[in-house]
Amino acid sequence: MLLSLFAIHGLGIVCSALAGRRSMKSGLIAAAVAPAITATWAAISLSRGDSPAIFEFAWVSDLDLVFRFRSDGLALLMALLVAGIGALVFYYATGYFKADAPGGNRFPATLLAFSVSMLGLVLADSIWTFFIFWEFTSITSFLLVGHKHEDAKVRMAARRALLITGSGGLVLLAGLVVLAQELGTTNLSELSPVSGTAASVAAVLILIGAATKSAQVPFHVWLPGAMAAPTPVSAYLHSATMVKAGVLLVAVVGPAFAEIEAWKVAGLLFGITSMIWGAVGALRHRDAKLILAWGTVSQLGLLLTLLSFGSAKATYAAVAMLFAHALFKATLFLIVGEIDIRTGTRDVSELGGLAAKMPIAFISATAAGLSMMGAPPLVGFMTKEAAIEAALGLSGLDQAVGVTAITVGSVLTVAYTVRFLMTVFGPGPDIAVLPRRAAMTIPAAVLGASGFAGFVFVDAVSSIVGNAAVELNTEANVYKLIPWPGLTLAFIVSLAILTIGGLFGAVLSRRTTAAPPRSVGADLADVAIDGVLAGAPRFISRVQHGSLPAYLATMGFAASSAAVPFVWAMSLDHLTLWDSPIQAVLAAGIVATAVAGAFVESRLGAALTLGAIGIGVSGLFVIQGAPDLVLTQLLVETVIVVGFVLGLGQLARRFPPVSEAWKAVRIVVSLVGGLAVMVGLVASASKPAGEAPIESLTIAAVEEGGGKNVVNVILTDLRALDTLGEVVVLATVAIGILALARVRKTESMV
Amino acid sequence: MTNSHSPIAEMSIRAATPLALLISAYLLFAGHNNPGGGFAAGLVLGAVVTLRTLAGLQEPTYATALLVSGVLIVIVVAIAPLLWGDPLLDMAVISIRAPILGTIKSGSALPFDVGVTAIVVGLIVALLDGLSDPETSDPAGRGNLERNS
Amino acid sequence: MSAALVLTIGGLTTVGIYLITARSLSRIILGFSLISHAAVLGLLTAGGSPGPAPIVSGEAVTANPVPQALALTAIVISFGLSLFLLALAGRQHTLTGDDLVEDDIEDRAIAGLPQGENR
Amino acid sequence: MSALVALTIVGPLVGAALGLALRRNSQLRDIAALLGIGSAAVGSFALLSQVSANGTTVVRVGGWAPELGIILVADLFAVLVLPIALAIIFVVEIFAIGQRRTAWGANPELAGPLLGILTSGVSLAMLTGDLFTLFVAFELILVSSYVLLTHQGQAAQIQAGMTYVVMNLFASTLFLFGLGFIYAATGTVNIALVAERIHDLPDGVRLGLGSWFLIVFGTKAAIFPLFSWLPDSYPTAPTTITAVFAGLLTKIGIYAMIRLHTLTSMEELGPVMLVIAGATMIIGAIGALAQSDVKRILSFHIISQVGYMLMGLALFSEAGLTGAILFLVHHMPVKTVLFLVGGLIANAEGSSRLRYTGGLAKRSPLIAALFAIPALSLAGIPPFSGFVAKLAVIRAGIEANSTPIVVAALIAGVLTLLSMAKIWLGVFWGPSVDRSDHNHPVSGPPGNRRTMYAATSLAVAGTLAISVMAGPLFDLSERAGAGLRSPSAYIEAVNP
């Protein structure tokens, strides 16, 4: 079954790409099928309480790279959210986009590709399966954010999102490798607590990875920018699903880090900071979509905070919140999209009075907003209750921190929600509204109503959440969501939060900020990225300066330093002064000629030096007992000198002058280079570990090679393959020379 | 190429040609027992070709044919043993009685060296082709070039 | 091993490297010829002390033929490459009127430096 | 078996010679070149299946014993890398046939035969068990690449060609010196015998030889600080040529390094090599970021990626070596494909400079898709082969507790991602650029374009196949690495 889900999605991607070539609408409808089927499957499985199905496919088993999926309670709950909201979003998008909107062949297919990545992520039961789909959501998100890429701002936002989540992915990769090593397994359902330094490192790395994806401060800067995406994308990826991936990761690997202090501390740090700062951001902004985006940062912070406490109750509350948040936040986004399309603006200072003009949206939004505030009779109320209960259930410092943080965060949440609802739907500027489109209204209404349904069918929700939470913490099965708690402490706190936050929000909604706040964080991120891009040329131009002589000098120095180890093994014992006095004379002559040749100023003189040295070297060959070499060397030298004179004869007669400093560098590098070669040769021969089989070679040459000239037999028989290669080299050189000649001839004809 | 030929030079080059051919043939055949071999033979032959080309006795236009045939000969020698189930480049050795050189133990190493010679001559011819510089002897062409650069 | 040979190898390499780090391709070709000589001599020196030519004629001990064969192949290959360099130098001369190796234009552009005037 | 080995080396040469002989007949010459390269490719795949089943095959060329003659050793490492290398050249040759009549095409009469010679050199380099033959093979590869790079004779190519030729010539000369050292020290140039005898040498000589050959092979492989020739020369050649260079040439250097340095157990050089690896990957990535031309960005990526391979080798652990080999196998096709797509971009946009490109995703979604898959793979994004390779290397680094190199690898990863984003934003997104202000023609008859697309798609499919087959490939890499790490097996196979 699990596999066929992916197959259906794959098919859906192809179909929607094909259908989308006709129109955006057909593409979207084709794409909606797969999530709809998946959602139905998840719902049925949940209601039947099926035991988890497992699918496993080993990809690279030695690296533990397996595709392993498991449909346990948590996975099913997440799958239901991903696919259910996905199907609604596709439907919604048919209203959001004009039927003939451009990109029909790309957008629906990409969105569906995201959807299946997310499905794979929530169903994953292996660290690496999880990671693979994690990365894929980053890529698809990048493509979706950049949907309107003609706009430079959109491109920057997409780049920022890709880079932050991509870097997070790499950090996560390192963390997961360490974790897998510590655990000895990669099955997520078989985690056992680990401890030690390596485990702490892994914990922090994984947490950073999760924080980038779940937009935790200070990595949150990509999320507001991502609102440049079409609203269906924002509703789906950047509120309901993808940004949850980080929280989900923290939840599923949490059991492994239960004993690690750093995990908890860092998690709380990220969570609480984000919860507060996100809410503050939501209060500052005027763009309705940005208000919601900042709200998402805050809510994700709350989830991370709860998970970091690690108690069974907190985990239960976190799962419940995660569920509720997906419902109400997606609703609100969809409604903002509808407002945007129907009024042409998302600026709350320009909006107003929509309660009357968009009644259905108003009701859905109010339901979702109340759920977000944690007001009854909505599912958000029960989950907020559970969160406060969980905080109160902690002990010592944890309790103080938890209660304070959650209270403050919740007050701010209520405030920005009230501000949002009042500025958009309450009295305000009179604004023209386009007619309603069913495709946009219905999905929001369905999601909004689901918040109420969740409250009504509390037992079902409660058991679904319980089954999910139990996968993370076996002790979580005792908890329930309670619709009417009575006058508990938590309820009182809740009431206080609602009252204070409500008042605060009402006050704030009267005053719109003069100008939209600047996105300092995003700007900083862009400055950093641009800084890297601008610094790179400056850095690289020092290494890659384009000057061949300097490259060669670098190589010379590198080779010389490679010869340093030889120095330790060098012995001079095997050196004799010379093999014969003539050798010494020739040697001195050759070196002297060479040195003179280096200072010869004319090209003709250089050619003559070359010839003289060649003859001298032939002399050395004679002494060495190598007549074949003598013959060849003399012939070769003649050709080269003739070629040199003929080919370069018409060049300017003198070499161009060089600067003194560069000359000094050249002298140094050539001296150490010459030294290196000598040291290498002498050291290598100091204590040889083997000898050439001269005798058997000679015998082989005569007996089997049929020749008395051993060198020639080697060349044409024993090592004929070398000769084969050598002559092909010569032939190739000839081809090259001919090609250049032909180019010149065609040119001169023109 | 030099356009001014002296008749004497031309005549002596013509006369030297058979001699050089003989030397290079000697180098080719003697190589297996004495200094020499295909490469040296090729270079000597190349020298003749150079002189003849410089003297205007022939045009350097047949390089590719030499190269191709040389490479093919060498390859045939290389893979022929495979047909008999022997390893690559397994050289056969046979004894031949030749008129002047006496008994030669030779075999597939000889055609191999012939291939080498062909390639070396091909290279020299290519070089002559490449170095023959129409622009140097043609002031108009050179002027044209300077405008381009 | 003969110190005279080792010093020759070192000397040729030194001068060779000095020459190849020049800007003129004809000097570079010259330098390579010298370094190639050095490398070939290195191979021969590595093969042991000199001796009668390895042509079988009765003498039992001859010079080591293997390095000679290797050296021969090396000479031929570097011969071929020198010719190719000559052809390149000739082409560069046709294009620029000289045989100088210019700095890479793209690299200079990235460094923000003025580009060579030759093109 | 012996015949298969011979086929991979000689087959392309025959094709090249016939291609040259038939150069006036465009169809016959293309067929000859394709057949030559194709036969070698098929032969190498056959070798892979044989060797993985029956173990290392040793061919004594001419029938001579290892200490006398040359041997060819088809061990698992060789036959794992070789088929991929040859398949790449084959695909590129198809692309080249399609590209011939466009402004960026290589000279059709020469490109095929020269690629054939290159192929032969690659086969020889990978199969040889003899260091001197390796030198000859390097020269074969290099000289054919010199000619491929410069045969059109344009100013930029000659300029770049000089840098390329001279740098590599210097490296070749150093190679020769190294051979002299090795021969002086061990009295042989046979790799197996060297591996056997090297442990009797004083440590100084052993390490000296190791680091000398690190420089020699490192220049070919474009490691820090020896990479400068690469970005200056590659981008100037016609796309097809660059694609082959990019996929193969540096990898031959790494290949040789992996072979020699593991067989001779150069563990002591590990730390130095790790430092070089880190510098290579980061500086390469920074270099890529600095560029504003697709081909140059991709050229710098090669350097960066070579750093990862070197890192795997430098760890001198089983996991590291496996990672390095897998990285090699993955990188060759991916890089080639990216350059081919670079060619498609240049063909569609008239330029590969980011300044002159934009909005291509809309006009040609196919090119965008063909680019995206290998680009993601190169950036190490799952589920592509690059991810597996990177994971393998990073895991090896973490297992070896080499934190700095892991951090360097991660930073290089981020920079690579950014530079890929730079290409994507510059070429595929954004508004279309008005192309009237630069004079590159957008050319090529549709038939040829179809061949180019087909070849590129084939190559992309190949990279996907490598991703899917990553499991078996990992196993093979592991076995190949194990073979290299126990020199005795290699020596035993060569000299029983």
From the C-alpha gyration tensor of region A:549-688, pull out the three semi-axes of the equivalent ellipsoid (sqrt of 5λ each), sorted largest to smallest, in whole Å. 29, 24, 13
Suppose the chain between A:Ser659 and A:Met1 were pulled fully straight at 0.36 nm per residue; how much longer would it get relative to their current alpha carbon spacing? 229.3 nm
Counting other C-beta atoms within 10 Å, and keeping those with at most 13, which DSSP coil trypsin sites (Lys or Arg not before Pro) do you find in region A:471-524? A:Arg511, A:Arg518
Give, as a single signed number, the net charge of other residues whose beta carbon lies under 14 Å from the beta carbon of D:Ala361, with Lys and Arg counted +1 and Asp and Glu -1. +3
Pairwise over distinct Cα atoms, reciprocal of the mean inverse distance: report the Kirkwood radius of region D:1-104 in Å, one decimal place. 14.8
Counting other C-beta atoms within 10 Å, and keeping those with at most 15, which DSSP coil chymotrypsin sites (Phe, Trp or Tyr not before Pro) do you find in region A:394-427? none
A 23 angstrom limit on the alpha carbon distance is what I want to check against. Which of A:Lys148/D:Lys422; A:Lys329/D:Lys422; A:Lys98/A:Lys148; A:Lys264/D:Lys390; D:Lys295/D:Lys335; A:Lys264/A:Lys313 exceed it? A:Lys329/D:Lys422; A:Lys264/D:Lys390
In nm, what is the difference between 0.36 nm times the number of residues separating A:Val527 and A:Glu259 and their Cα-Cα distance? 92.6 nm
How well do other chains shield peptide B:26-34, expressed as the mean number of their Cβ atoms within 10 Å of each residue Cβ? 5
Label-to-label distance, nm, for residues given as A:Lys98 and A:Val585 (7 Å Cα→Cβ offset): 9.8
Order of D:Met1, A:Met440 under a 10 Å beta carbon neighbour criterion, fewest first: D:Met1, A:Met440
Could you give the length gained on full extension between A:Leu18 and A:Gln399, defined as 0.36 nm per residue of separation minus the Cα-Cα distance, in nm? 131.6 nm
Neighbouring Cβ atoms within 10 Å as the yardstick, rank A:Thr129, C:Thr94 fewest first. C:Thr94, A:Thr129
In peptide D:468-477, how many Cβ atoms from other protein chains are near each Cβ within 10 Å, on average? 3
How shielded is D:389-402 by partner chains, expressed as the average number of their Cβ atoms within 10 Å of its Cβ atoms? 3
Radius ratio Rg over Rh of chain A, counting only Cα atoms, Kirkwood formula for Rh: 1.20
Ranked from fewest to most other Cβ atoms within 10 Å of their own Cβ, B:Ile13, A:Ile335 fall in the order B:Ile13, A:Ile335
Would you mind computing the Rg to Rh ratio of the protein assembly as shown from its alpha-carbon coordinates, Kirkwood style for Rh? 1.05
Relative intensity, log₁₀ I(q)/I(0), of region B:7-133 from a Debye sum that treats every alpha carbon as a point, q = 0.11, 0.14, 0.23 Å⁻¹: -0.45, -0.68, -1.27
Got the relative contact order for chain A handy, in percent, Cα pairs under 8 Å and 6 or more residues apart? 10
Roughly how many Å is it from the Cα centre of region B:32-46 to that of region D:278-302, as a whole number? 49
Which whole-number percent is the relative contact order of chain D (Cα, under 8 Å, 6+ apart)? 17
Quick one: net charge around A:Glu385, please, counting Lys, Arg +1 and Asp, Glu -1 for every other residue with C-beta under 14 Å from its C-beta. +2
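Each value in this text was obtained by applying a stated rule to the coordinates, not by laboratory testing. Bear in mind the structure is a predicted one, so any value in this text is a computation, not a measurement. Please note: Cβ atoms are built from the backbone with ideal geometry, for glycine as well, and neighbour counts cover all protein chains shown.
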